[in-house]
Amino acid sequence: MVKKLDKWCDINWIIFICVTGVVTGVLAAVFWDKMPLGAQAAVFVAMIMPFHVLEEWKFPGGLHIFYNVLLGPKDAEKQQLDRFPMSRLTDMITNVGLQWIPLVYLVLSIFTGLSNATALCMMLLCFIEVLAHTGGGTLTYFWLRKDGKKTIYHPGFATSWMMFLPAGVYVAAHLENITGQDWLWAIILFVIMMLICIVLTETPLKKWVYKQEKGVFAFADAKYYEKYPSFWKKG
């Protein structure tokens, strides 16, 4: 079971979200004019996530190194920078959730009165992605400029600015008749999404992964951060 899950967390799940993104895009192209803003916003997120994951994992990849250096144990003997606290398993669940929960919200926005709330929720996610990756890139710039780093780029930065930001701006520009109740529901939807994607899944699973034999659910290499070995070979 663990071996099958480990295999799924390699490339198969990325293919899955890419296919989901393509299908979502095709259906959205057909029904776009009939979709409320909340559904359109959810489509943006579902379609952007595969590109965002590909940047974080593959081209150039290496986000896990930044994440695990920042949030992992500081004691070198306890560090597992290739899989703790971010592993292929935990990040797979987070990113699949960040694609599929918006699709659930898409349905809600069509069949309930939560279109504005869904739009606001997706807009918040888009802008938070931009802020998070800009902040992360800025941190790595200051940490690594002595090693030759000249920009604030880090994995996830490009798709945040080139995709999430325009999507968020589009949604913001098309919002109409927003009420306090819309904002309340937006916050509720956002909190539910974060609870499912991070708190209720990532938090317990990262401890389970840490107990598995070395190499299981681990990233193969440092990718983008290979050229900054002082950053991830501190121990």
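The values are calculated or read from the model by the stated rules, or taken from the named source; none is laboratory data. This one's a predicted model, so the numbers in the text were calculated from it and none came from an experiment. Methodologically, a virtual Cβ is constructed for each residue, glycine included, from the backbone with ideal geometry; neighbour enumeration extends over all protein chains shown. Only protein heavy atoms, including side chains, enter the accessible area calculation; ligands, DNA and RNA are left aside. Shrake-Rupley method; radii C 1.70, N 1.55, O 1.52, S 1.80 Å.
For the pair L200 and W143, what calculated FRET efficiency results from E = 1/(1 + (r/R0)^6), where r is the Cβ-Cβ distance and R0 = 35 Å, to the nearest 0.05? Intermediate results must be reported in sequence, preceding the final value.
On the way: r = 31 Å, r/R0 = 0.89.
Taking R0 as 35 Å, the efficiency between W143 and L200 is 0.65.
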Quiz item: Can you list the lysines whose alpha carbon is less than 23 Å from that of K78, not counting same-chain residues fewer than 8 positions off?
Solution: K206, K207, K211, K214, K223, K233, K234
Self-check item: Cα gyration tensor, region 103-210 - rounded (a/c under 1.5), prolate or oblate
Solution: oblate
Practice problem: Run down the aspartates and glutamates and flag those whose C-alpha is under 17 Å from the C-alpha of K150, throwing out any fewer than 8 positions away in its chain. | Solution: E226
Self-check item: Among (1) 19.7, 69; (2) 18.5, 56; (3) 21.6, 67, the entry derived from the coordinates for Rg and Dmax of the Cα atoms in Å
Solution: (2)
Quiz item: Expressed as a rounded percentage, what relative contact order does region 104-235 have, with Cα pairs under 8 Å and six or more residues apart?
Solution: 29
Exercise. Output the DSSP H helices from the chain with an along-axis C-alpha extent of no less than 20 Å and a mean Kyte-Doolittle hydropathy no less than 0.0.
Key: 13-31, 37-57, 88-111, 115-144, 180-194
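On the accessible surface of the chain, probed at 1.4 Å, how many percent belong to carbon and sulfur atoms?
Details: 8200 of 11860 Å².
Summing carbon and sulfur atoms, their accessible area is 69 percent of the total for the chain.
Note the per residue figure in Å³ for the convex hull of the C-alpha positions in region 27-74. Provide the component values of the computation, followed by the final result.
Details: hull volume 4.1 nm³, N = 48.
Dividing the Cα hull volume of region 27-74 by its residue count gives 85 Å³.
For a protection proxy built on the mean count of beta-carbon atoms within 10 angstrom, sort 189-200, 68-79, 93-104 highest first, please. Could you put the intermediate results ahead of the total?
Values: 189-200: 16.3, 68-79: 13.2, 93-104: 19.8.
Final packing ranking: 93-104, 189-200, 68-79.
How much of the calculated P(r) for region 124-181 lies past 16 Å, in percent of all Cα pairs? Let's see the in-between values first.
On the way: 848 of 1653 pairs.
Above the 16 Å cut-off, region 124-181 has 51 percent of its Cα pairs.
In percent, how large is the relative contact order of the chain, given Cα pairs closer than 8 Å and 6 or more residues apart? Walk me through the intermediate numbers first.
Numbers: 312 pairs, mean separation 72.0, N = 235.
After rounding, I find 31 percent.
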